[in-house]
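One structure below.
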Amino acid sequence: MKTLQTNKPQSKLSLSNFLIRLFLGTLILSVLSPGQILAAVSDFRYHAPVTVNDSVAFYNLLELTDEVLGQTQAGSPDLRIYSGDQEIPFAMVTEQDLTATAKVEGAEILNQGKDAHGNFQFEILIPSSQWVKQLTVLSSDKNFIRRVKVEGSRNQQDWLTLNEDSTIFDLSDEQKARHLEVNLAPTNLSYLRITIYNEGKGAFNFDGVSLSTQEQLEVASGTKERPYTLLNQSSKDGVQEYTLDLLQPHLPSRELGIITDEVNFNRTVELYASDNNKDWNLITQGEFFVYQLDKMTAKQLVLKFDTPFRYIKLKIYNQDNPTLNIKSMNLKGSNPLLVFPAEREKEMILYWGDSQSKAPVYDIQKFKSNLDYAKTPKAFLGQAGENTEYRFKDTRPWSEKNSWLLQGILVIVVATLLVIITRSIRRISSEKQ
């Protein structure tokens, strides 16, 4: 009588199956574990009260201070507004959003002719309820320089000087860009009078004028000077280099200008930005130049850019020319604002300072471009301070907090499988022999 024998499962394979199942179970647990938890008041290190404007309006605008921007994460994903335990939705509003309604349009020209000194002069009518911040003189001529004076009036009799020493020019022979814009402090005077002086270089014929207009945004923070410290200044191998520190991170900067008494020069320049004063990114390049002709000066001493980085580096390429004598530099930028639904009877508080928060997604972000910011009142931010309710909570996903465990299990599984495979190969080889 024969005895039936059953094959027992191999312990090695059972061990490998166990390890594989353990790894897969751990991986599934990390996926099913909750990741980002909704933020709470106690998650934020800093806060400040928000004073809503007394005017009757559904929305308010709140300008973010340098202190708030410096203490938030890059891009400000950790901003929240609360009224008690209720989270108030908001949208970030930048200078680009505020100026999106600006438009360029032709102007109605009045009383075109010459003044008592033979200079070309004309008046223009400003569209009703519009503010003018720039006008552009139109001309198809090349290679000319002219000085321009701009005056404003409400009745075409009493005139106020708005800009008396601006220069328009075309330097095609020097391979420079045309500059036909005249910047003004935003004005809503009914009439402008423009005088283009005869003295200058080259022939000039007037073809018209266009205006850059928009509704006045009284609540906008506007461009302001950025304080900075000069970390480094050097001049070597024909290259001048300046490194500036804005003292706080995440402050938007958009303009750098130099002040110099030098004339008749042209320099290629580059601008770099960094968040750690080590890794630098080229953000823009251009030219600084000043050409002087008698009483007129054609110049370009400003670079336009857009960066939130703390450190700025300016390089000026002198080639074989003498070092450019720069008396000072100025940085400018504008802080973003928050637009949010405001209720005067509710106490609102702005919170920030959580390195783990992700940017919230609110419906208001999708229709903020349809809001009339010209009629949106401005709220005010009170004294900032430490949040006494702050409690640090590690809200990272389980897989991030326990990545060492996943890696350890994976190493053990791989090593065990290699041992089993190696032994199986040896056993099969010995059986064949």
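Only the coordinates and a few stated rules stand behind these numbers; no lab work does. Note that the coordinates shown come from a computational prediction; the quantities given were computed from them, not determined experimentally. In this analysis, Cβ positions are derived from the backbone assuming ideal geometry, glycine residues included, and neighbour counts consider all displayed protein chains.
Rg then Dmax, both in Å and based on the Cα atoms of the stretch 303-353: 21.0, 68.
Counting Cα-Cα pairs of the stretch 103-214 in 10 Å increments starting at 0 gives whole-percent bin shares of 14, 49, 30, 6, 0.
Of the trypsin sites (Lys or Arg not before Pro) found in the stretch 184-292, those in coil by DSSP whose Cβ has at most 14 other Cβ atoms within 10 Å are Lys278. Here the peptides 139-145, 121-127 are ranked by packing, the mean other Cβ count within 10 Å, and the order with the highest first is 121-127, 139-145. The Rg/Rh ratio for the stretch 224-333 is 0.97, where Rg is the radius of gyration of the alpha carbons and Rh is the Kirkwood radius.
Taking a straight line from the alpha carbon of Lys133, these aspartates and glutamates sit under 12 Å away, with near neighbours fewer than eight places off in the same chain left out: Glu181, Glu215.
Protection proxy ranking for 419-431, 368-380, using the average of other Cβ atoms within 10 Å per residue and placing the highest first: 368-380, 419-431.
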